[in-house]
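Here the structure comes first, spelled out in structure tokens, and everything after it is commentary.
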Amino acid sequence: MRYLAPLAIVAAGFVGFQAAHSQAPGTSKKESAGQVAAATYEHLATAIIAIEATEDELVKSILIGYNTAAANHLRAAARDAQGRVGHLEAAATEITNIANEGDKSIQAIRQRLAKAGHTHNTDAETKGDYMFVTNKERKGLVDLASRVGRAGADASEADLAKLGAELSSLFHAAIAPE
Amino acid sequence: MARSGTLAALAFAATLASCGPARRSAEPAEGVAGAVAVKPGAASVAKTASPASVPISAEAHFVDVAAQAGLKTMIYCGGADKDHILESVGTGCAFIDYDNDGHLDIFLVNSWALDEQPSKVRHKGRNALYRNRGDATFEDVTERAGVADESWGCGVAAGDFDNDGRVDLHVTNFGPNRLYRNKGDGTFEQVAERAGVADRGWGAGSSFFDADGDGDLDLYVANYIDATMDEVLAATRTTLWREKVKVLAGPFGMRGGRDRFFRNKGDGTFEDATDAVGMTDTAESYGLGVLTSDLDLDGDIDVFVANNSNPNFLYRNNGDGTFTEIGAWSGAGVNGNGVAQAGMGVDAADFDGDGLPDICLTTFAQDSATIFRNEGGLLFRDISVETGLKGISYQALKWGCAFFDFDHDADNDLVIANGHIYPQVDNAPELNESYRQKSFLLRNDGGKLADLSGRAGPGMTREVSARGLAVGDYDNDGDLDLLITAMDSPPLLLRNDTPNLGHWLKLRPINRHGSPAIGARVRVVARAGEKPQTRELRSGASHQSQNALELHCGLGSAEKADTVEVFWPGGGKTVLRDVATDRTLDLREPGK
């Protein structure tokens with residue numbers, strides 16, 4: 001989210017500048033007030049769209065973080081027999097975070113944004129798809145998380161490698177452009 | 001984490017010693033110690049020699065006797081149009097034996113009536129306590145007992161938080177919650193502030209349970225939404241339901257309330273230990289139902305929270321009083337399609353007879369209620385389709401729920417209370433929905449659910465917008481009756497008049513303090529070699545409600561139970577053998 005704040009400030013400043021500029025003496029007499037307003041709104045629209053694109057990228061980076069963490073835990077589970085169950089459960093949690101496009105903290109942020117009318121990143125009333133993860137992909141990821149979580153202390157290296165490969169496949173399908 | 005420490009098994013002689021003198025339920029003696037009730041007429045019912053697990057032929061029959069029993073309190077919940085989500089959730093109810101006379105009393109949670117246009121408070125409904133006179137009728141003792149609170153009430157849970165041998169009540173509110181300490185003389189003292197549990201959020205489900213095994217009851221409270229009464233009064237209907245009618249908004253777009261865990265300090269007060277034990281509700285989820293149960297049978301109590309539209313929480317007890325939230329990947333966080341449901345009520349019991357408690361979750365309309373089959377190790381699988389629950393429940397809007405053996409055929413049937421939250425659906429017949437709905441009575445036929453609702457007597461065909469539901473044997477005839485709260489209506493008391501029932505046992509595990517042993521588990525084997533039935537004594541469940549603190553087992557044709565094992569919360573175990581059926585047993589935890 002820290003990328004969004006400066007962008008919003010720059011956008012707001014730019015809009016403010018445009019508004020002030022339109023009122024300043026010496027403004028071209030050829031531009032009507034309506035044109036100035038439209039241009040100002042155009043800049044605001046550009047900023048809004050840019051912010052949404054930034055949000056897309058931010059969420060994607062968050063998902064990449066979960067995926068990396070999940071893969072790391074799966075690898076650690078393979079080499080650490082003692083801590084295997086803990087790593088598997090941690091991997092399952094991270095995979096679920098991918099499925100839900102965020103952990104519980106992110107869900108709370110989405111709810112707050114939804115209250116403000118911003119539903120770009122939430123399935124809100126529709127229970128539809130998130131930004132990247134479709135309902136079908138979500139089910140696949142939740143299933144995988146469940147299997148990883150229950151793989152248990154006796155899971156073999158081959159089992160874990162297979163789960164890792166499945167994660168990679170599901171994850172890259174999810175974040176690929178539709 | 002498993003606790004060891006099995007106490008000595010007791011023989012039949014010990015059984016007798018523990019049971020005390022017999023008495024007929026129609027002739028109650030003072031005090032419950034050693035109470036034994038005999039179901040009138042039970043002996044005259046012809047039984048086959050079938051195994052206990054074979055269903056006894058019983059036609060379900062429930063009759064609403066609330067009015068004749070004296071339950072007349074009007075339960076309010078907002079205005080007629082239900083403009084704000086606060087006006088939609090309704091209130092809970094409880095079967096409790098507050099005066100310890102062996103007869104179940106009734107506690108009803110109440111909220112307020114609102115006027116529309118202009119929106120204002122018309123009437124503040126008061127909670128109600130009804131004392132069971134012992135003849136299956138009730139007297140209103142609300143004022144005398146000191147529980148006539150006028151808060152906007154939501155839910156109720158029971159438990160003896162101060163270990164004085166008397167059952168106390170925790171009442172959640174839209175606003176500060178209440179804790180009523182039972183003084184033992186028929187009155188209560190409101191001590192929430194002093195005890196540190198007067199949480200100011202919008203409380204929903206709550207439950208007492210011993211999280212850390214220290215012998216006193218801690219408290220979990222689910223908070224639903226952050227809102228103010230000004231917002232409630234100013235609310236307008238802005239959501240378009242199924243493209244037809246304008247209805248109240250939410251919960252999406254509203255800020256969820258953070259759930260709380262209060263650790264009992266052992267001196268009658270609590271401390272907020274939510275973060276310390278790992279229960280930080282960072283999602284600010286819309287919490288409603290709370291189930292505290294030893295779901296992995298490892299000797300400590302886990303916590304399941306039904307969240308409305310967010311993934312459910314499943315807090316695994318780490319055995320040291322801390323918890324790890326594993327709902328998302330346990331299989332019980334979301335349904336089988338990976339979708340977070342609008343979770344409302346919750347209950348758990350061994351539905352499929354494998355010894356593990358399965359979870360029932362009720363949900364919004366146009367979605368299935370869900371049974372999460374417990375596959376061991378806190379892993380669950382959605383079996384709503386294969387049990388037939390999806391087909392039965394999809395259309396209804398579902399709230400209170402309970403597993404119970406209504407026909408004594410030695411399995412767990414299911415009851416679900418239904419009612420829409422949008423009165424406006426009645427204005428659009430093409431939606432094929434109604435604000436007032438029938439409840440579901442679902443018989444367990446070997447793991448498939450048969451919908452008996454339409455042929456289970458006049459009580460089950462009552463159409464109301466139901467919310468809370470509690471199960472208990474208020475008339476002490478040995479079968480389980482139902483208490484249901486409904487929106488802007490008096491409660492329903494559905495007496496179970498099902499004929500030709502099988503045998504039964506009612507067990508009251510009592511801890512060393514003389515209070516209901518919350519967290520105790522019993523395992524009953526009707527005949528040697530048959531599958532055991534398990535039951536667990538819990539505080540709070542269903543939708544913001546409290547079932548009777550008694551454990552009921554239907555036993556089919558078995559005239560005695562081969563074994564009754566009691567697993568005490570502290571780790572001990574008591575075994576009774578050759579236990580005669582059709583009676584109520586007080587099971588006392590042995591001293592150390």
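Quick one: which of A:97-106, A:43-52 comes out on top by average Cβ neighbours within 10 Å, and what's the full order, highest first?
A:97-106, A:43-52
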Given the peptides B:520-530, B:356-366, arrange them by the average over their residues of other C-beta atoms within 10 Å, most packed first.
-> B:356-366, B:520-530
State, to one decimal in nm, how far the label point of B:Arg255 lies from the label point of A:Glu57, with both points 7 Å from Cα in the Cβ direction.
-> 3.0
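So, with a 1.4 angstrom probe, what is the percent of accessible area on chain B that is carbon and sulfur?
Values: 9190 of 18750 Å².
The computed percentage sits at 49.
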Using a 1.4 angstrom probe on the protein heavy atoms only, line up A:Thr96, B:Thr236 by accessible area, largest first.
-> B:Thr236, A:Thr96
Rounded to the nearest 10 Å², the 1.4 Å probe accessible area of B:Asp164 is 50
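Could you tell me the convex hull volume per residue, in Å³, taken over the Cα atoms of the protein assembly as shown? Don't jump to the answer; show the numbers that get you there.
Numbers: hull volume 133.8 nm³, N = 770.
Given the Cα convex hull of the protein assembly as shown, per-residue volume reads 174 Å³.
Quick check: net charge around B:Val232, other residues with Cβ under 14 Å of its Cβ, Lys/Arg +1 and Asp/Glu -1? Don't skip to the answer; put the middle values down first.
On the way: positive: B:Lys82, B:Lys120, B:Arg122, B:Lys124, B:Arg237; negative: B:Asp81, B:Asp83, B:Glu87, B:Asp115, B:Glu116, B:Asp226, B:Asp230, B:Glu231.
Surrounding charge for B:Val232 is -3.
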The summed charge of the B:Glu325 Cβ neighbourhood (under 12 Å; Lys/Arg +1, Asp/Glu -1) stands at -3
Can you flag which of B:Lys448/B:Lys531; B:Lys82/B:Lys390; B:Lys124/B:Lys438; B:Lys72/B:Lys124 are past 22 Å Cα-Cα?
-> B:Lys82/B:Lys390; B:Lys124/B:Lys438
Using only the C-alpha atoms of the range B:456-583, find the volume of their convex hull and express it per residue in Å³.
-> 126
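Using a 10 Å cut-off around each Cβ of peptide B:323-333, what is the average number of partner chain Cβ atoms that fall inside?
Numbers: counts 0, 3, 2, 5, 3, 14, 20, 7, 6, 1, 6.
Averaged over the peptide's residues, the number is 6.
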What shape does the range B:226-373 take by its C-alpha gyration tensor, where a ≥ b ≥ c are the square roots of the eigenvalues and a/c under 1.5 counts as rounded, a/b above b/c as prolate, and the rest as oblate?
-> oblate
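Give the shape of chain B as rounded, prolate or oblate, defined through the alpha-carbon gyration tensor: a ≥ b ≥ c are the square roots of its eigenvalues, a/c under 1.5 means rounded, and otherwise the shape is prolate if a/b is larger than b/c and oblate if not. Kindly include the intermediate steps, with their values, before the conclusion.
On the way: a/c = 1.41, a/b = 1.30, b/c = 1.08.
Rounded, since a/c falls under 1.5.
Would you kindly work out the equivalent ellipsoid of the range B:130-181 from its C-alpha gyration tensor and give its semi-axes, the square roots of five times the eigenvalues, largest first in whole Å?
On the way: eigenvalues 85, 53, 18 Å².
Ellipsoid semi-axes (Å, largest first): 21, 16, 9.
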So, with points 7 Å from each Cα along the Cβ direction, the B:Thr324-B:Asp230 label distance in nm works out to 4.5
What percent do you get for the relative contact order of chain B when only Cα pairs under 8 Å and 6+ apart count?
-> 19
Considering every residue in B:310-317, what mean count of other chain Cβ atoms within 10 Å of its Cβ is obtained?
-> 2
Summing Lys, Arg as +1 and Asp, Glu as -1, what charge do residues with Cβ under 12 Å from the Cβ of B:Ser545 carry, B:Ser545 excluded?
-> +1
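Ordering B:Trp202, B:Trp241 from largest to smallest accessible area (1.4 angstrom probe), what's the sequence? Mind dumping the intermediate values first?
Details: B:Trp202 5, B:Trp241 35 Å².
In descending accessible area the options line up as B:Trp241, B:Trp202.
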Quick one: accessible surface of B:Ser489, probe radius 1.4 Å, all protein chains present, in square angstrom to the nearest 10.
-> 20
Just grab the label-to-label distance for B:Arg381 and A:Ser105, each label 7 Å out from Cα along the Cβ direction, in nm (one decimal).
-> 3.6
Which whole number gives the average, over all residues in A:143-155, of C-beta atoms from other chains lying within 10 Å of the residue C-beta?
-> 3
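The values are calculated or read from the model by the stated rules, or taken from the named source; none is laboratory data. On a predicted model such as this, the values are computed, not experimentally measured, just so you know. With ideal geometry, Cβ positions are generated from the backbone for all residues, glycine too; neighbour counts draw on all protein chains shown. Just the protein is used for accessible areas: all its heavy atoms, side chains included, with ligands, DNA and RNA removed. Shrake-Rupley method; radii C 1.70, N 1.55, O 1.52, S 1.80 Å.
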